[in-house]
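Below is one structure, written out as structure tokens; the observations come after it.
The values are calculated or read from the model by the stated rules, or taken from the named source; none is laboratory data. The shown structure was predicted, so the numbers you read here are calculated from the model rather than taken from an experiment. Neighbour counts are summed over all protein chains in view; Cβ atoms, including those assigned to glycine, are modelled from backbone coordinates with ideal geometry.
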Amino acid sequence: MRWLIDGYNVIRRDPDLRSREAEGLEAGRTALLHLLARVARESTDRFTVVFDGARVRGGGVHPGGRIEPVFSRPPETADDVLMRLATRWREGAIVVTSDRVIRDRARRARCAVLTAEEFLAGLPTSAGGPGEEPFAKEEEDEGDDRARSGPKRGNPRRLGKDARASRRALRRLRGDC
């Protein structure tokens with residue numbers, strides 16, 4: 001499985017990574033790549049982390065192995081790169097971003113999608129994350145207040161397709177597959 005990670009999006013949603021980024025962009029990127037290196041040791045998955053901008057020659061961490069940092073080249077943005085990769089990998093990819101437009105486009109490309117917060121919360125405790133199950137309460141039937149054109153079909157207690165894909169991705173992240 002290939003994880004496609006919106007690098008700055010994840011960095012800016014974690015207090016520790018955000019504080020490292022305050023020291024400099026390279027420090028924030030390095031901290032994220034080190035975090036992913038700890039996760040990758042326990043996984044067979046590949047991690048592609050996409051950042052805006054060009055890498056400074058000779059600077060930063062070169063994690064190698066199953067972690068690949070990718071930098072967009074103007075006029076292309078990191079979002080453009082994420083979508084190009086998501087379109088290429090389709091069902092074989094999990095896109096991590098809190099950008100709603102990118103999440104919607106990734107779902108249309110048939111990728112599993114996690115927000116940055118879900119990803120960080122789902123990290124195994126040995127990798128530094130709290131390891132909580134962000135979807136634990138979704139199994140309860142809370143009712144849907146939206147108006148429907150007809151009766152709802154299917155099992156009302158079953159999670160939706162996107163939620164099931166996200167849950168599988170989190171289990172994979174923790175090594176529970």
When residues of region 75-91 are filtered for being touching a residue at least 12 places away in the same chain (Cβ under 8 Å) and not small (Gly, Ala, Ser), how many remain? 10
Out of all the residues in region 1-36, which are surrounded by fewer than 19 Cβ atoms within 10 Å (Cβ to Cβ), in a helix (DSSP H, G or I) and touching a residue at least 60 places away in the same chain (Cβ under 8 Å)? 16
Quick test of your reading of the structure: residue 50 fulfils all but one of (1) at pLDDT 95 or above; (2) over 30 Å from residue 156 (Cα atoms); (3) surrounded by fewer than 21 Cβ atoms within 10 Å (Cβ to Cβ). Name the failing condition by number. (3)
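Sort through 174, 167 and tell me the only one that's at pLDDT 85 or above, charged (D, E, K, R) and under 15 Å from residue 1 (Cα atoms). I'd like the intermediate steps shown before the answer.
Working: 174 fails: at pLDDT 85 or above.
It is 167.
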Checked pairs for region 150-166, first within 27 Å of residue 90 (Cα to Cα), second at pLDDT below 80, C-beta under 7 Å and 6 or more apart or across chains, list as 159/138; 159/139; 163/135; 163/138; 166/135
